[in-house]
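Reading through the structure tokens given below for one structure.
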Amino acid sequence: MGKGAGRRRANATTGRVCPCGSGRAYADCCAPAHAGDAPATAEALMRSRFSAFALGDSGYLLRSWHSSTRPAALELDPGQRWTRLEIVRTERGGLLDAAGTVSFHAHYRHGGRPGTVTEHSRFVREDGRWVYLDGDQP
Ligand SMILES: [Zn+2]
């Protein structure tokens, strides 16, 4: 039997496609960030935050928010279902950068109606880890 054969897990959680739209399995994409790994780039952090919105993980959203702008609490609307992330543009935010911006459209459905949030998000490093600072919604 070849290496890896029969190892593919059919588990509903680890085998599902990541909500961030990378096309990869959740387990190989945003799950490590949600479990505590530091995403390498601002875009990866942005993706992991979108996935956290989609999965209702408000704890991760707070943990990945800069301490100076983080809200005291975050209540997610269970009626808002985040369906798709479209990254429009990424500036800096790479391995050697200390700051970066990611522009995106985040698509959702609420009460059966589709909607979109467009934002230019700013990310910085805090204690070496990428975090969300703030964003402008044009
Ligand atoms: Zn992902």
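The values are calculated or read from the model by the stated rules, or taken from the named source; none is laboratory data. Remember, predicted model here, so these are calculated numbers, not experimental data. For neighbour counting, all protein chains shown are included, and Cβ atoms are generated from backbone atoms with ideal geometry for every residue, glycine included.
One table, with the values for the structure above:
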| quantity | calculated |
| --- | --- |
| Per-region count, segment 71-90, residues touching a helix residue (DSSP H, G or I) at 6+ places or on another chain (Cβ under 9 Å) and within 12 Å of ALA42 (Cβ to Cβ) | 2 |
| Subset of segment 22-33 (residues that are under 15 Å from LEU61 (Cα atoms) and either in a loop (DSSP other than H, G, I, E, B) or near the ligand (Cβ under 9 Å from one of its atoms) (or both)) | CYS30, ALA31, ALA33 |
| Contacts under 7 angstrom Cβ, first residue in segment 18-34 being free of Cβ contacts under 8 Å to residues at least 12 places away in the same chain, partner within 7 Å of the ligand (Cβ to nearest atom) and among the hydrophobic types (A, V, I, L, M, F, W, C), 6 or more apart | ARG24/CYS18; ALA25/CYS18 |
| ARG89 vs. criteria near the ligand (Cβ under 10 Å from one of its atoms) and either more than 18 Å from GLN137 (Cβ to Cβ) or assigned to a strand (DSSP E or B) (or both) | no |
| Hey, TRP65 crowded, with 18+ Cβ neighbours inside 10 Å and either modelled with pLDDT under 95 or more than 16 Å from the ligand (Cβ to nearest atom) (or both) or not | yes |
| Of all residues making up segment 81-109, the number that are among the acidic types (Asp, Glu) and over 15 Å from ARG49 (Cα atoms) | 2 |
| Residues located in segment 34-60, provided they are over 18 Å from GLY93 (Cβ atoms), more than 11 Å from the ligand (Cβ to nearest atom) and within 12 Å of the chain's Cα centre (by Cα) | PHE53, GLY56, ASP57, SER58, TYR60 |
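For (1) without any contact (Cβ under 8 Å) to a residue 40 or more places away in the chain; (2) under 23 Å from HIS110 (Cβ atoms), each residue gets a yes or a no:
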residue: MET46; (1), (2): no, yes
residue: PHE50; (1), (2): no, yes
residue: LEU62; (1), (2): yes, yes
residue: HIS66; (1), (2): no, no
residue: GLU75; (1), (2): yes, yes
